[in-house]
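Visitor: Have a look at this one before I ask anything.
Nothing in this text is a laboratory measurement; each read-out follows from the coordinates by a stated rule. The structure displayed is predicted, hence computed values, not measured ones. Note that we place each Cβ from the backbone using ideal geometry, even for glycine, and neighbour counts take in every protein chain shown.
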């Protein structure tokens, strides 16, 4: 089972699942030492859902999974609100942990979302992509022996 | 923040957290192709809480964590009910993923719980420890270079 | 050969446009050639698409390398490295 | 030297006891020596504690290797490899 939700409002609740193991990742807007009050998240409607679907399909090819749910906010998201949830169920914990981390690493580097930070004084600035996220995604490619 | 709950009844709800990232692991009783109807989980009261506390402390020494919650059922647990939840919050996702997997691997090999499978015909048999779980725990030890 | 080009995030703001239709010579080549074509407009086009700044591309809603060839009717999207999750 | 010995799970069932008080000679040694002492009772004691089956031990609610020394007043727990989680 695979479901993808791109949400202009709050994320849906965590799903009920039936398997041996479930790993859920959630990310929230950080205030970055009080500097940030909200994010504005832009995306590419249509491609966003398709690309996340491809990422979930790749995960399901690598590991035997019984459920993959991805929910992601777009538009304005206030500090401390959830931005993203990835919930993966499988028979065994290792598969659920690895698939959930894989989906997050690929989501960060392949899904067409762009974050803009809104600061206390109203200024807005685009978040730059991080080398650490590219490195995290690269560890799943065959060249790395994974 | 660290909390440990050993529960004779249902696990408490997932906790509210405040950080950039949260990884939650949950495990359920599997029916093992219809063979199993429930587990009976024995533990060592007193040591259980202390050992899980030591595992959570070790995780907090290895990664900067803002929250570690461990909840585990004891007594009879029916098929499809939750046995265990480990919820870890941190500023960044990698730390939350690694710490949550570490705690599960150590919980499986160090916390004094023993599972007995109750089958459809009422027969009961102790679950044997798995080499895979010992291997999973061993990957966190310095000798492995982790 | 007609293509639609879409711009997102910082590119959309800097170029002050979110999309345009372009008529290119047949066999105009790949995404990189499209970027050179656009950068030749100068100003912010050269700054953003001249190769100085990291860029990602999609063709028909699928990520592609800059060396991917274009076909008539394609929707090409150009954008900075993504930052979701 | 007086110690309390506790048994869990399969050991508790096979030995048909969950705990006992033991008086051992001073300096009786480590957990492995305690196991040899208990296995000398024969029967299920020898089967379970004679070294044939994997065994874990805790002293005063902390996991310890079988080579860990015992002291007067210790609570020693003997049990099969754990299977929680």
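Visitor: Modelled label-to-label distance, residue C:17 and residue B:2, 7 Å Cα→beta-carbon offset: nm?
Guide: 6.0
Visitor: Would any residue of the range C:52-70 have its amide N under 12 Å from a label point 7 Å out along Cα→Cβ of residue C:24? List them or say none.
Guide: Counting only backbone N, you get C:58-60, C:66-70.
Visitor: May I ask you to report, in nm to one decimal and beginning with the shortest, the distances from residue D:24 to the same position in the other copies, taking label points 7 Å along Cα-to-Cβ?
Guide: Result, one decimal in nm: 8.1.
Visitor: Still on this structure, I have one more. With chain B rotated onto chain A, spot the residue of B whose Cβ lies nearest the axis and note the distance in whole Å.
Guide: With distances in whole Å, chain B gives B:24, 2.
Visitor: Moving on. So, by mean Cβ neighbours within 10 angstrom, what's the order for A:68-74, B:132-138, B:27-33 with the highest one leading?
Guide: Values: A:68-74: 23.4, B:132-138: 15.1, B:27-33: 17.0.
Put in order of decreasing packing, that is A:68-74, B:27-33, B:132-138.
Visitor: Modelling each spin label as a point 7 Å along the Cα-to-Cβ direction, I'd like the residue A:124/residue C:68 distance in nm, to one decimal.
Guide: Simple spin-label model gives 2.8 nm for this pair.
Visitor: Separate question: Under 20 Å from the 7 Å Cα→Cβ point of residue A:33, by amide nitrogen: which residues of the range B:81-109?
Guide: B:90-93
Visitor: Would you mind checking the tilt of helix B:47-62 against the longest principal axis of the Cα atoms of chain B, expressed as 0 to 90 degrees and rounded to 10?
Guide: Its long axis makes an angle of about 30 degrees.
Visitor: Still on this structure, I have one more. Select the chain C residue whose beta carbon lies nearest to the rotation axis carrying chain C onto chain D, and write the distance in whole Å.
Guide: Per the C/D rotation axis, the closest residue of C reads C:85, 14.
Visitor: Using a/c under 1.5 as the rounded threshold, could you call the range A:45-105 rounded, prolate or oblate? The axes a ≥ b ≥ c are square roots of the C-alpha gyration tensor eigenvalues, and prolate needs a/b larger than b/c, oblate otherwise. Write down the numbers at each step before the final one.
Guide: Values: a/c = 2.98, a/b = 1.57, b/c = 1.90.
Cα axes put the range A:45-105 in the oblate bin.
Visitor: Which residues does a label at residue A:81 reach in the range A:104-139, if reach means a backbone N under 11 Å from a point 7 Å past the Cα toward the Cβ?
Guide: Correct set: none at all.
Visitor: Once you sort the root eigenvalues of the Cα gyration tensor of the range B:86-125 as a ≥ b ≥ c, which label holds: rounded (a/c under 1.5), prolate (a/b larger than b/c) or oblate (the other case)?
Guide: On the way: a/c = 5.23, a/b = 3.01, b/c = 1.74.
Judged from the Cα gyration tensor, the range B:86-125 comes out prolate (a/c at least 1.5, a/b above b/c).
Visitor: To one decimal in nm, how far is residue A:33 from the same spot in the other copies, if labels go 7 Å from Cα toward Cβ? Please give the shortest first.
Guide: 5.9
Visitor: Between the range D:26-85 and the range B:38-75, how many Å separate their Cα centres?
Guide: 23
Visitor: Helix B:93-110 versus the longest principal axis of chain B: what is the Cα-based angle in degrees, 0 to 90, to the nearest 10?
Guide: Rounded to the nearest ten degrees, it is 40.
Visitor: Taking a ≥ b ≥ c as the square roots of the Cα gyration tensor eigenvalues, with a/c under 1.5 meaning rounded and otherwise prolate when a/b beats b/c, else oblate, which class fits the range D:17-85? Don't skip to the end; give the middle numbers.
Guide: Values: a/c = 1.62, a/b = 1.09, b/c = 1.48.
Oblate.
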